[in-house]
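This report concerns only the one structure given below.
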Amino acid sequence: MRLAAIPYRPDSAELFDALADEPWAVFLDSAHSGATGGRWDILAARPYATLVSQGGLTELRQDGSVERSDEDPFERLRMHLRPMRHSQALPFVGGGIGYFAYDLARRLERLPELAEDGEGMPEMAVGFYDWAVLVDHQRREGWLVSAGRRPMSGEQWRDLVALFSAPPQPKPRAPFRVRGPVKTNLSQAAYRERFDRIQAYIRAGDCYQVNLAQRFACPVTGDPWLAYRALRRCNPAPFSAYLNLPFACILSSSPERFLELRGGRVVTRPIKGTRRRDADPVRDAVLARELAASPKDRAENLMIVDLLRNDLGKVCIPGSVRVPELFEVEHYATVHHLVSTVTGRLAPDQDAVALLRAAFPGGSITGAPKLRAMQIIEELEPHRRGVYCGAIGYLGYNGDMDTNIAIRTLVWSKDSLRFWAGGGIVADSDADSEYQECLDKAAAVINLLAAHRA
């Protein structure tokens with residue numbers, strides 16, 4: 001491993017500005033400037049290899065060569081992460097960073113093909129990085145780190161240190177503009193019709209909960225990096241990310257951790273239960289207390305906690321799975337959320353890829369039981385989800401992993417910006433309240449787009 005100190009910057013976006021235009025540049029953003037910000041930011045670019053899975057084929061590009069395979073994409077990922085090393089004090093010293101789309105579940109489960117694939121996105125896109133910039137907001141330090149796997153990293157080391165040590169020099173960029181109305185793929189009437197069908201499935205005993213989402217879309221122009229910087233100002237979230245990929249830019253302001261693996265300890269923190277924020281502090285506090293006491297939201301949350309306990313139990317040491325926090329209320333820019341924590345100890349014969357596979361996709365955005373809920377989602381949602389409700393994050397060469405649930409996530413491609421919002425429907429849900437919850441979750445993005453109308 002190689003390590004060099006660089007000047008600390010409270011806003012890591014200033015550092016990433018030098019990389020933002022490069023293909024496969026990635027920024028895992030803890031939104032430190034926000035009230036709910038985290039400790040570490042990770043920035044990387046110039047991967048020495050990329051792994052992209054789409055339509056049953058996985059393509060590896062490395063050193064000018066292209067290799068295509070119909071093998072299990074999770075196994076292809078694992079092969080490229082070996083050999084694992086013992087954990088380091090730093091969270092990431094090289095490894096894979098990218099996304100795992102919701103539709104990657106088709107490689108794990110047999111699902112119907114009913115919804116329109118309006119995204120056309122790969123199911124998995126991961127770059128392998130030999131160097132990265134880490135910003136520690138707790139200790140106010142910055143580091144350039146390298147796993148030392150590629151000779152080129154050593155050859156470029158002095159230039160990289162100079163790049164990230166220099167004062168920020170913002171580049172001229174085309175302003176972000178919204179060029180038309182935001183349209184949804186589910187009107188309120190269409191949402192109610194699908195809500196009623198879910199209720200029928202619940203009464204028939206098919207399922208206990210189904211997460212129903214709608215997609216929003218609008219035409220856009222300008223620079224997606226500017227759009228992301230505006231998003232992180234209006235909706236800071238601790239598991240945010242910006243990925244500049246050859247086929248799309250991903251802008252995520254997710255509040256939800258999917259899976260963290262650190263030195264063998266597993267943590268997942270599902271969100272289930274939402275109330276809007278209110279400008280009046282008194283009313284805002286009432287809404288938070290209402291959420292904390294809601295039997296419906298607590299039952300909905302508990303269903304997903306049980307599902308995740310089962311998922312973690314597939315790869316964790318028997319008896320190690322625990323629920324140290326249940327029904328905690330967390331506060332974000334536009335909503336309050338009900339959050340629980342499930343932990344476990346990874347079994348010695350398992351690894352990060354096995355953990356990801358065992359729990360994918362996250363139960364908080366499918367429903368219970370998971371497979372039947374996904375089948376119903378495919379039947380009722382007009383468009384496939386693509387990146388939305390998948391995961392974004394890293395798997396390191398040291399064996400550790402950290403990923404989000406890709407909610408509050410926008411996809412920019414072909415002069416179009418798409419984003420989604422949804423919620424879990426259970427037996428005692430109300431159609432109008434659930435529809436309003438979707439709008440509450442989308443409010444930050446909708447307000448952002450309204451502020452940038454041409």
Checklist line | Filter result for the condition that a residue is more than 30 Å from Gly56 (Cα to Cα), open to solvent by 60 Å² or more (accessible area, probe 1.4 Å) and touching a Gly at 6+ places or on another chain (Cβ under 8 Å), over Pro175, Pro167 | finding: Pro175
Next item on the list: Counting only residues that are more than 17 Å from the chain's Cα centre (by Cα), give me the strands (runs of 3 or more DSSP E) lying completely in region 175-281 with at least 1 of them.
Entry: 209-221, 257-262, 265-268, 271-276
Notebook entry, point to check: Can you name the number of the only condition in (1) assigned to a loop (DSSP other than H, G, I, E, B); (2) of a type outside the set (Gly, Ala, Ser); (3) surrounded by fewer than 22 Cβ atoms within 10 Å (Cβ to Cβ); (4) modelled with pLDDT under 95 that Val93 fails?
Noted result: (3)
Item checked: When residues of region 271-291 are limited to those that are touching a Leu at 6+ places or on another chain (Cβ under 7 Å) and free of Cβ contacts under 8 Å to residues at least 60 places away in the same chain, the one nearest to Thr341 (Cα to Cα) -> Leu291
Margin query: If Glu116 satisfies all but one of (1) touching a Pro at 6+ places or on another chain (Cβ under 7 Å); (2) within 28 Å of Leu380 (Cα to Cα); (3) open to solvent by less than 10 Å² (accessible area, probe 1.4 Å), what's the number of the condition it fails?
Written below: (3)
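Being among the β-branched types (Val, Ile, Thr) and in contact with an Asp or Glu (Cβ under 7 Å, 6 or more places away or on another chain) is the filter; apply it to region 267-309 and report the residue that is surrounded by the most Cβ atoms within 10 Å (Cβ to Cβ).
Going through region 267-309, the residues among the β-branched types (Val, Ile, Thr) turn out to be 267-268, 271, 274, 282, 286, 304-305.
Going one step further and asking which of them are in contact with an Asp or Glu (Cβ under 7 Å, 6 or more places away or on another chain), we end up with 267, 271, 274.
Working: Val267: 17, Ile271: 24, Thr274: 19.
Step by step, filter region 267-309, then rank; the result is Ile271.
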Margin query: With the requirement that a residue be modelled with pLDDT of 95 or more and not in a strand (DSSP E or B), what does region 141-158 give you?
Written below: none
Notebook entry, point to check: Has region 65-83 got any residue that is polar (S, T, N, Q) and touching a residue at least 40 places away in the same chain (Cβ under 8 Å)?
Noted result: no
Margin query: If a residue must be within 17 Å of His337 (Cα to Cα) and either among the hydroxyl-bearing types (Ser, Thr, Tyr) or touching a helix residue (DSSP H, G or I) at 6+ places or on another chain (Cβ under 8 Å) (or both), how many such residues does region 235-256 contain?
Written below: 5
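The values are calculated or read from the model by the stated rules, or taken from the named source; none is laboratory data. Not measured: the values here are computed from a predicted model. As a convention, Cβ positions derive from the backbone with ideal geometry for all residues, glycine included, and neighbour counts pool all protein chains shown. Just the protein is used for accessible areas: all its heavy atoms, side chains included, with ligands, DNA and RNA removed. Shrake-Rupley method; radii C 1.70, N 1.55, O 1.52, S 1.80 Å.
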